[in-house]
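*Asks:* Dropping the structure in here first, questions after.
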Number of protein chains: 2
Amino acid sequence: MVQILSGKAVAQKLKQDITVEIDILKSKGVIPTLGIVLVGDEEDSLSYANSAKKRCETLGAGCNIFKFPAGINQDDLEKKILELNENRDIHGYIIMKPLPSQINEKRIAEIIDPAKDIDCMTPKNIAKVFAGDNTGFSPCTARAVMEILNFYQIPIEGKRAVIIGRSMVVGRPLSMMLLKQNATVTICHTRTRDLAKEAKRADILIAAAGKAEMVTKDMVSPGTVVIDVGINFKDGRMVGDVLYEEVEKLASAITPVPGGVGSVTTMVLLKQLVETCRK
Amino acid sequence: MVQILSGKAVAQKLKQDITVEIDILKSKGVIPTLGIVLVGDEEDSLSYANSAKKRCETLGAGCNIFKFPAGINQDDLEKKILELNENRDIHGYIIMKPLPSQINEKRIAEIIDPAKDIDCMTPKNIAKVFAGDNTGFSPCTARAVMEILNFYQIPIEGKRAVIIGRSMVVGRPLSMMLLKQNATVTICHTRTRDLAKEAKRADILIAAAGKAEMVTKDMVSPGTVVIDVGINFKDGRMVGDVLYEEVEKLASAITPVPGGVGSVTTMVLLKQLVETCRK
């Protein structure tokens, strides 16, 4: 019988822990407050920001949305970022992407204060993830996967982890986080020959390709732990990178979509927000 | 018949290219000059520094060794590093490790000017290697491996590369550099179960474990390209991480030790030195 790795359960546990931490911080006069930098009027970003704000309020944390016009120039945006670095009422912040084309995103990332960089955009935090140094912050989605594995006490050490996808927000950082936990890690991608054969070798299979239902039954060995990071829309419904109906029959454990990794990501962001207050 | 991947041939070709570049720079009044920071009197570091200096001179580049007492404190060493950043006569520099125990190596790495960081110690250059961004500098040994693969036109795209070792100077950066070239990359280490089985799947096998002659014939499939990054001393002679006599009978191509990767590393450093002058 397949074990459903519910992201909601993980998020619930994280929420409890975070609430306790926030209460302690509040008793010391600190209200952990998230900043969200929003440039322009992109619908998705706006809706994410509003939902994150509600989430913060539910937990007793603060949230300020810093909204700037789509036409803002590089210098002005950099000034706003530097102000956020100095703003003692904002403990950590994220910048919604994509930024408008006139903005040099790399230069923006470089001026974020690493101590407030709770979505791991700065070179300093990225380098720490690469080095397996836990003193920084990780990309929230990659860490959400680790939180799920830890919550369900899935053994990682010595296991073969196969990751499909090599993005800077999931595949690459996750490969280093699994390596840090002593997995033997294989990174696959669009140029991998015989992907099915590679995937079938996995004890832990991470689907982070961003392609709807691309992991089918012929890519999964019986007993595999399958983590589906994908969020895709197909025929009006949300689906992952895994063809769930097929793969759940083979997997020993699997994350659903929705209700899997995606449910944990925002809570990881808030966990990292609380961590900034401790550092 | 096994192909011997001579590092010396690669170094020779790099030397030619670098000499041409140095001549061009000199005609513009620039003498590319390497700085070597040496703290204390460690025999090995001193001998490396002196040999690098000779190498520079042979090529027409400059080299200054900055020697500081073993007892130097953090503040003083940081001041010296900041001076090197400002020193317009030094185009790139390296810091010999290990540093004495009173020195916080991480803080030193963070203040190096990334534009002069030709051995990839700064978070900014490390993050670039991780992201597959070629605009920075790579750890010299990892890049030496890539230079060898390129020189001998070993196909990388779609190939299975298996790396034994996960250090920040070879295993991790090399995994990202091979990924960038579209290899399917597996990272193995001391906690990998059934290392032989993993290694046998390699089209390109990189031995970077730092353990003398640990890669034996039962870990290599016929036709594998074997790159030996190890430099170990055993019974008074230099040996790699690969048991050469056994593995050369199976490999399609193999780097010798000595005369393999190690022969290329210093030339890569000088290549990166010349690149600093172009940037």
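Nothing in this text is a laboratory measurement; each read-out follows from the coordinates by a stated rule. Predicted model only: the values in this text are computed from it and were never measured. Virtual Cβ from ideal backbone geometry, glycine too; neighbours counted across all protein chains shown.
*Asks:* Under a straight-distance cross-link criterion of Cα-Cα below 16 Å, which lysines are reachable from B:Lys124, leaving out those fewer than 8 residues away in the same chain?
*Replies:* Within reach: A:Lys106, A:Lys124, A:Lys128, B:Lys106, B:Lys116, B:Lys279.
*Asks:* Give or take rounding to whole Å, what are the principal axis extents of the alpha carbon atoms in the protein assembly as shown, in descending order?
*Replies:* That works out to 67, 53, 42 Å along the principal axes.
*Asks:* What is the count of Lys pairs in segment B:140-262 whose alpha carbons sit under 15 Å apart, if the two are 8 or more places apart or on different chains? Don't jump to the answer; show the numbers that get you there.
*Replies:* Details: B:Lys159/B:Lys180; B:Lys159/B:Lys200; B:Lys197/B:Lys217; B:Lys200/B:Lys217; B:Lys200/B:Lys249; B:Lys211/B:Lys234; B:Lys217/B:Lys249.
So the count of such lysine pairs works out to 7.
*Asks:* Another question about this same structure. In degrees from 0 to 90, rounded to the nearest 10, what is the angle of the helix B:7-27 Cα long axis to the longest principal axis of chain B?
*Replies:* Once rounded, one gets 30 degrees.
*Asks:* Still on this structure: Among all the lysines, which ones have a C-alpha under 17 Å from B:Lys67's C-alpha, if same-chain residues fewer than 8 places away are not counted?
*Replies:* B:Lys53, B:Lys54, B:Lys79, B:Lys80, B:Lys97
*Asks:* Also, I was wondering about something else. From the phi angles alone, apply the Karplus equation (6.51, -1.76, 1.60; θ = phi - 60°) to segment A:205-219 and give each ³J(HN,Hα) in whole Hz, x where the residue is Gly or Pro.
*Replies:* Coupling constants for segment A:205-219: 10, 10, 9, 9, 9, x, 9, 4, 6, 7, 8, 10, 4, 6, 10 Hz.
*Asks:* Hey, another quick one. Express in whole angstrom the spacing between the alpha-carbon centres of segment A:226-279 and segment B:16-45.
*Replies:* Using only Cα atoms to place each centre, the spacing works out to 50 Å.
*Asks:* Tell me, B:Thr186, B:Thr141 in order of fewest to most beta-carbon neighbours within 10 Å?
*Replies:* Numbers: B:Thr186 26, B:Thr141 22.
Going from least to most buried by this count: B:Thr141, B:Thr186.
*Asks:* Oh, and also: On each of the three principal axes of the Cα atoms of chain A, give max minus min coordinate, whole Å, ordered largest first.
*Replies:* 52, 43, 39
*Asks:* Which distances, in nm and shortest first, link the B:Asn85 label point to the same label point in every other copy, taking 7 Å along Cα→Cβ?
*Replies:* Its label point is 1.2 nm from the equivalent points in the other copies.
*Asks:* How long is segment B:140-262 along each principal axis, judged by its Cα atoms, biggest number first, in Å?
*Replies:* So the three principal-axis extents are 39, 30, 27 Å.
*Asks:* In nm to one decimal, list the spacings between the B:Ser51 label point and its equivalents in the other copies, with label points set 7 Å along Cα to Cβ, shortest first.
*Replies:* Listed shortest first, these distances are 5.9 nm.
*Asks:* Given springs between every Cα pair under 10 Å in a Gaussian network model of chain A, which of A:Ala208, A:Ala183, A:Ala70 has the largest fluctuation?
*Replies:* It is A:Ala70.
*Asks:* Just to check I understand the Karplus step: with θ = phi - 60° and J = 6.51 cos²θ - 1.76 cosθ + 1.60, what whole-Hz values come out for segment A:242-254, glycine and proline as x?
*Replies:* 10, 7, 3, 4, 6, 6, 4, 6, 9, 5, 7, 8, 8
*Asks:* For chain A, modelled as a Gaussian network with Cα springs under 10 Å, which listed residue fluctuates most, A:Ser47, A:Ser175, A:Ser221?
*Replies:* Among A:Ser47, A:Ser175, A:Ser221, the largest GNM mean-square fluctuation belongs to A:Ser47.
*Asks:* Taking neighbour counts of Cβ atoms within 10 Å as a proxy for exposure, in what order, fewest first, do A:Ile154, A:Ile95 appear?
*Replies:* Values: A:Ile154 17, A:Ile95 23.
With the sparsest Cβ surroundings first, the list reads A:Ile154, A:Ile95.
*Asks:* Expected output is a single nm value to one decimal: the length gained when fully extending between B:Asn104 and B:Ser51, i.e. 0.36 nm times separation in residues minus the C-alpha distance. What is it?
*Replies:* Working: separation 53, 0.36 × 53 = 19.08 nm, distance 2.70 nm.
Working it through step by step, the gained length comes to 16.4 nm.
*Asks:* Name all residues of segment B:144-187 having a backbone nitrogen under 16 Å from the label point set 7 Å from the Cα of B:Val20 along its Cα→Cβ direction, giving them as ranges.
*Replies:* What the label zone holds, given the 16 Å backbone N cut-off, is B:151.
*Asks:* Sort segment B:32-113 into rounded, prolate or oblate with this rule: let a ≥ b ≥ c be the square roots of the eigenvalues of the Cα gyration tensor; rounded if a/c is under 1.5, and if a/c is not under 1.5, prolate when a/b is larger than b/c, oblate otherwise.
*Replies:* Details: a/c = 2.42, a/b = 1.34, b/c = 1.81.
Oblate.
*Asks:* Would you order A:Val226, A:Val169 from fewest to most other beta-carbon atoms within 10 Å of each residue's own beta-carbon?
*Replies:* On the way: A:Val226 28, A:Val169 19.
Placing the least packed residue first, the sequence is A:Val169, A:Val226.
*Asks:* In addition: Using alpha carbons only, how many degrees (0 to 90, rounded to 10) separate the axis of helix B:171-180 from the longest principal axis of chain B?
*Replies:* Tilt relative to chain B: about 80 degrees.
*Asks:* What's the magnitude of the charge dipole for segment A:140-261 around its Cα centre, counting Lys and Arg as +1 and Asp and Glu as -1 at the beta-carbon? Answer in Debye, nearest 20.
*Replies:* Values: 16 positive and 13 negative charges, 89 e Å.
Computed about the Cα centre, the dipole is about 420 debye.
*Asks:* By how many degrees, 0 to 90 and rounded to 10, does the Cα axis of helix B:74-86 deviate from the longest principal axis of chain B?
*Replies:* Once rounded, one gets 90 degrees.
*Asks:* Counting other Cβ atoms within 10 Å, which trypsin sites (Lys or Arg not before Pro) in segment A:74-111 have at most 14 and lie in a DSSP loop?
*Replies:* Values: sites: A:Lys79, A:Lys80, A:Arg88, A:Lys106, A:Arg107; in loops: A:Arg88.
Those that pass, being in a loop and sparsely packed, are A:Arg88.
*Asks:* With +1 on each Lys and Arg Cβ and -1 on each Asp and Glu Cβ, how big is the dipole of the protein assembly as shown about its Cα centre, in debye rounded to the nearest 20? Present the calculation step by step, with values, prior to reporting the outcome.
*Replies:* Numbers: 74 positive and 68 negative charges, 119 e Å.
For this selection, approximately 580 debye.
*Asks:* To the nearest 500 deg cm²/dmol, what mean residue ellipticity at 222 nm is calculated for the protein assembly as shown from DSSP H runs of n ≥ 4 alone, each contributing -39,500 (n - 2.57), summed and divided by the residues?
*Replies:* Result for the protein assembly as shown, helices only: -13000 deg cm²/dmol.
*Asks:* With each pseudo-label sitting 7 Å past Cα toward Cβ, what's the B:Lys13-B:Thr58 distance in nm, one decimal?
*Replies:* In this crude label model, B:Lys13 to B:Thr58 measures out at 1.9 nm.
*Asks:* Identify unpaired cysteines across chain A, taking unpaired to mean no other cysteine Cβ lies under 4.7 Å from the residue's Cβ.
*Replies:* A:Cys120, A:Cys140, A:Cys188, A:Cys277 - these cysteines have no disulfide-compatible partner (Cβ-Cβ under 4.7 Å) in chain A.
*Asks:* If you don't mind, another one. Quick one: with label points 7 Å out along Cα→Cβ, list the inter-copy distances for A:Gln74 in nm, shortest first?
*Replies:* 3.5
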